[in-house]
Amino acid sequence: MAVVASAEAGLTAIAKGATIVQLRAPDLTARQLEGEANALVPKASVPVVVSSRCDVALAAGAAGVNLPERDISVAEARTLMGQRLVGRSVHSIESAVAAEREGADYVIFGPVWPSPSHPEQKPQGIQALAEVAGAVGVPVLAIGGATSERAEECARAGAAGYAAITLFR
């Protein structure tokens with residue numbers, strides 16, 4: 001999963017091999033985010049999820065939404081999103097289990113390694129990733145310092161893949 005802040009970055013990430021794109025631009029207004037989503041979704045050859053904004057995801061025809069832990073519940077998002085994807089970014093086993101119980105289609109866990117985009121967050125390590133992957137029955141994506149070189153390590157830990165910001169630039 002490529003985590004991008006614009007339609008242009010999303011299309012670049014797809015060209016570099018991203019299999020799903022998360023449009024995450026917390027500094028944009030809802031209108032600006034919708035503009036980026038409307039520019040990306042019709043051109044994307046892979047599913048696009050919008051971070052935190054069910055309204056924008058629905059308006060743009062995106063494949064779904066990814067919710068930070070501090071956002072609305074997965075159950076509430078599921079009511080709004082219907083059969084579209086609903087994912088949750090988590091930082092603990094407890095949050096991953098709760099997200100699955102509420103109906104999440106996947107979870108993003110991290111940070112696994114040190115991350116230049118979130119230097120203030122303590123890395124949790126590959127063992128914690130393995131524990132989360134073993135605790136839930138939905139796909140788990142590693143985030144935080146994930147690189148193509150670490151893909152095999154993520155897979156051995158039970159992750160379905162990884163999400164990255166800098167890797168797809």
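Observations
- Qualifying position, being under 17 Å from residue 168 (Cβ atoms) and surrounded by fewer than 18 Cβ atoms within 10 Å (Cβ to Cβ), among 35, 17, 10: 17
Yes/no matrix, rows are residues, columns are (1) touching a strand residue (DSSP E or B) at 6+ places or on another chain (Cβ under 9 Å); (2) surrounded by fewer than 16 Cβ atoms within 10 Å (Cβ to Cβ); (3) modelled with pLDDT under 95:
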position: 101; (1), (2), (3): no, yes, no
position: 105; (1), (2), (3): yes, no, no
position: 118; (1), (2), (3): no, yes, yes
position: 122; (1), (2), (3): no, yes, yes
position: 143; (1), (2), (3): yes, no, no
position: 150; (1), (2), (3): yes, no, yes
position: 168; (1), (2), (3): yes, no, yes
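- Filter pass, residue 46 being surrounded by 24 or more Cβ atoms within 10 Å (Cβ to Cβ) and touching a residue at least 24 places away in the same chain (Cβ under 8 Å): no
- Considering the conditions (1) in a helix (DSSP H, G or I); (2) of a type in the set (Ser, Thr, Tyr); (3) farther than 27 Å from residue 35 by Cα, residue 79 is excluded by exactly one of them, (3).
Rundown of residues vs (1) closer than 21 Å to residue 143 by Cα; (2) touching a helix residue (DSSP H, G or I) at 6+ places or on another chain (Cβ under 9 Å); (3) not in a helix (DSSP H, G or I), yes/no style:
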| position | (1), (2), (3) |
| --- | --- |
| 11 | yes, yes, no |
| 27 | yes, no, yes |
| 33 | no, yes, no |
| 65 | yes, yes, yes |
| 86 | yes, yes, yes |
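- Residues of the stretch 114-149 classified as on the phi < 0 side of the Ramachandran plot, more than 16 Å from the chain's Cα centre (by Cα) and part of a loop (DSSP other than H, G, I, E, B), total: 10
- Remark: residue 57 matches the filter, which requires a residue to be assigned to a helix (DSSP H, G or I) and crowded, with 24+ Cβ neighbours inside 10 Å.
- Summed over the stretch 43-54, the residues that are assigned to a helix (DSSP H, G or I) and closer than 21 Å to residue 26 by Cα give a count of 1.
- Residue in the stretch 89-107 that is assigned to a loop (DSSP other than H, G, I, E, B), of a type outside the set (A, V, I, L, M, F, W, C), in contact with a His (Cβ under 9 Å, 6 or more places away or on another chain) and in contact (Cβ under 8 Å) with a residue 12 or more places away in the chain present: no
The values are calculated or read from the model by the stated rules, or taken from the named source; none is laboratory data. As the structure is a computational prediction, the values presented were derived from the model and not from experiment. Glycine also receives a Cβ, built like all others from the backbone with ideal geometry; neighbour counts cover every protein chain displayed.
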